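Have a look at the structure below before the remarks.
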Amino acid sequence: MSFDYEIRIAAFDWLKGQVAIHGDVLPRRLLEKGFVHSGQRIPLMSPQGIFRPKRLDYPLTITTAPEGPYDDRVSTDGLLNYRYRGSDPSHRDNVGLRQAMRDKVPLIYLYGVVPGKYMAVWPVYIAADDPGSLTFTVAVDDASMISVERPMDYELAEPRRAYITSQVKVRLHQRGFRERVIDAYRIQCAFCRLRHEELLDAAHIIPDTEPESRPTVNNGIALCKLHHAAFDNFIIGVSPGYIIEVREDVLKEHDGPMLQHGIKELHRQRIILPRREEFMPDKGFLEWRYERFKEVSV
Ligand SMILES: [Zn+2]
């Protein structure tokens, strides 16, 4: 087995351990630092998107930067897209990825969720190369199918890769949505200002089960677990003018301090909003939701 392959498998194992510790969104500094193998430090990231650590034959990681409200990395059907470095197909980084494609070398895809945070996906393969659009196509495979002793049988795995890639795309979308929304609201509940990230969710304004739903920040509101459930269940609504309304029958209820402070006192308060205009809740989406809230509120 080559040194390159040995390092690659060690990197996969290290990532698996890091995800077990930190969850599936990893900080950039951790990936930049990397791990130590046979007394040598192997970083997983550099300022460049396509990264080949010293002494490796092929690139080890491909990184995408977090994008704005619209994310075209994973929104098209089929596999993932990865843009060339620059516009020169013969730049050595692009050539390196083309060689990885030719030799079916497994890589790591680092998906930028918000600045400084990445989801790692592995093993991925470069499935196609389109110099016309300066884009590589990336397929994800099953990490449990690859080990030091057992290199993957690449040719037989194509249907499996298509299936796994589609699942990974859904996961990247969902996790990306969560991180971007919570980040846009400066890590707090838009109703009660609770700042514990573990207790925060990204609520959809138009639920993702609806055809009109969008996985964009302007269709999300960062809410704590309690307020997310209250919002989803139409106990609390938000008017298109960003004012919180508590359902009539709940306002009339008398119960302990949780209902009083946690729910009833929010009535007629204004929600906390993102600072950036493009991340503000879309008024059309809010109206869609508010109409349904009004229906159950009477
Ligand atoms: Zn809250």
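Overview of results
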{"read-out": "Förster-model FRET efficiency, 22 Å R0, Asp142 and Ser2, C-beta, rounded to 0.05", "value": "0.50"}
{"read-out": "Under Karplus coefficients 6.51, -1.76 and 1.60, residue-wise ³J(HN,Hα) of region 102-110 in Hz, glycine/proline x", "value": "4, 9, 6, 8, x, 10, 10, 9, 10"}
{"read-out": "Long pairs among Lys33/Lys169; Lys169/Lys225; Lys264/Lys294; Lys54/Lys104; Lys33/Lys117, criterion Cα-Cα beyond 23 Å", "value": "Lys33/Lys169; Lys169/Lys225"}
{"read-out": "Label-point separation in nm, Arg160 to Arg186, each point 7 Å along Cα→Cβ", "value": "4.8 nm"}
{"read-out": "Rounded to the nearest 20 debye, dipole of region 164-298 from Cβ charges on Lys, Arg, Asp, Glu", "value": "420 debye"}
{"read-out": "Calculated [θ] (222 nm, deg cm²/dmol) that DSSP helices of n ≥ 4 give over the chain, each run adding -39,500 (n - 2.57)", "value": "-10000 deg cm²/dmol"}
{"read-out": "Taking all pairs of distinct alpha-carbon atoms in region 1-119, Kirkwood radius in angstrom", "value": "15.1 Å"}
{"read-out": "Distant-in-sequence amide H partners of Ile50 (H built 1.01 Å from N, under 5 Å)", "value": "Thr63"}
{"read-out": "Amide H partners (placed H, <5 Å) of Ala127, local residues excluded", "value": "Thr137, Val138, Ala139"}
{"read-out": "Relative compactness, region 161-266, computed as alpha-carbon Rg over 2.2 N^0.38 Å", "value": "1.20"}
{"read-out": "DSSP beta bridge pairing in the chain, given as percent antiparallel to the nearest 5", "value": "90 percent"}
{"read-out": "Nitroxide proxy distance, nm - points 7 Å out along Cα→Cβ at Ala65 and Arg171", "value": "2.7 nm"}
{"read-out": "Cα-centred dipole magnitude for the chain, charges only on beta-carbon of K, R (+1) and D, E (-1), debye, nearest 20", "value": "1000 debye"}
{"read-out": "Percentage relative contact order, the chain, counting C-alpha pairs under 8 Å, at least six apart", "value": "13 percent"}
{"read-out": "Net length gained if the chain between Met258 and Glu287 were fully extended (0.36 nm per residue, minus Cα distance)", "value": "7.6 nm"}
{"read-out": "Exposure rule at most 16 other beta-carbon atoms within 10 Å, DSSP loop trypsin sites (Lys or Arg not before Pro): the chain longest free segment", "value": "105-185"}
{"read-out": "Hz values of 3J(HN,Hα) by residue in region 36-45 - Karplus curve (6.51, -1.76, 1.60), Gly and Pro given as x", "value": "10, 10, 6, x, 10, 7, 10, x, 9, 9"}
{"read-out": "Overall Cα dimensions of the chain - principal axes, largest extent first, Å", "value": "72, 42, 34"}
{"read-out": "Amide H contacts under 5 Å for Val238, placed H, 5+ residues apart", "value": "Glu245"}
{"read-out": "In sequence order, calculated HN-Hα J values of region 138-146 (Karplus, 6.51, -1.76, 1.60; Hz; x Gly/Pro)", "value": "10, 10, 9, 10, 7, 4, 6, 8, 10"}
{"read-out": "Probe 1.4 Å, accessible area per residue of region 153-232, Å²", "value": "47 Å²"}
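The values are calculated or read from the model by the stated rules, or taken from the named source; none is laboratory data. If you're wondering where the values come from, they're calculated on a predicted model, not measured in any experiment. Every residue, glycine as well, gets a Cβ built from its backbone with ideal geometry; the counts of neighbours run over all protein chains shown. For accessibility, only protein heavy atoms count, side chains too; no ligands or nucleic acids. Shrake-Rupley method; radii C 1.70, N 1.55, O 1.52, S 1.80 Å.
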